[in-house]
Amino acid sequence: MLSARLHHQAGFSLIEMLAVSTLSVIVVGMSFPMLQNTSGILHVRGAARIVQSELQAARHKAVATQRPIRVRFECPAPGQFRAVELIGSVGVPDSADSATNRCSEASYPYPPADQNSLTRPNHDAPLRRLPADVQFLASRTIEFWPDGTAHLDGGAGNPWPMIGATEIAITVGNSLSTNTISINGLGRIRLQ
């Protein structure tokens with residue numbers, strides 16, 4: 001009799017198992033939107049780190065090669081960006097150095113077909129793309145000079161003036177989150 005009674009108490013009833021299963025489904029269902037939000041926020045943060053890294057690489061390349069490097073955004077299409085070596089000089093850029101053609105991988109492939117150090121450009125980076133659910137919310141073309149300083153098209157001709165006391169911001173985001181990369185005139189790049 002005792003062994004039959006112990007055997008009966010050792011298992012779970014069908015009702016108990018259904019209750020636990022139902023609670024599990026409810027908890028998972030409630031946490032799914034939070035997981036989706038976290039994923040979207042992480043995409044934005046990762047995209048901001050990619051942009052920050054590309055800006056830092058462009059600045060380092062300008063210093064190392066003693067050539068001005070521009071980082072162009074939304075180029076050639078939304079969500080794309082590319083660091084390109086300035087053709088010509090900061091005072092007199094070549095007419096071929098325009099936003100419409102410099103981001104074209106067909107016109108300016110990476111790596112360059114011509115490795116001759118006497119011809120330009122030799123230091124263009126590959127075209128970069130933000131994740132599909134992330135976009136640029138604020139961006140401006142930045143030019144890094146061989147001394148490491150950062151310059152911005154002020155609309156008054158060439159050379160571009162150094163970024164002033166107020167940092168400029170490159171902002172990426174989606175419907176869930178935004179991240180900002182700030183750049184000052186001395187070339188300091190910070191992810192906020």
Considering only region 111-124, I want to know if a residue exists there that is of a type in the set (Lys, Arg) and buried (at least 18 other Cβ atoms within 10 Å of the Cβ). yes
Yes or no: Asp114 charged (D, E, K, R), without any contact (Cβ under 8 Å) to a residue 24 or more places away in the chain, out of contact with any Phe, Trp or Tyr (no Cβ under 6 Å at 6 or more places or on another chain) and more than 19 Å from Arg59 (Cβ to Cβ)? yes
State the number of residues belonging to region 134-168 that are within 30 Å of Gly40 (Cβ to Cβ), in contact with a Leu (Cβ under 9 Å, 6 or more places away or on another chain) and without any contact (Cβ under 8 Å) to a residue 60 or more places away in the chain. 1
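Read-outs throughout are calculated quantities, based only on the coordinates presented, and are distinct from any laboratory measurement. These figures come from a predicted structure and were not determined experimentally. Here Cβ is always computed from backbone atoms with ideal geometry, including for glycine, and neighbour counts include all displayed protein chains.
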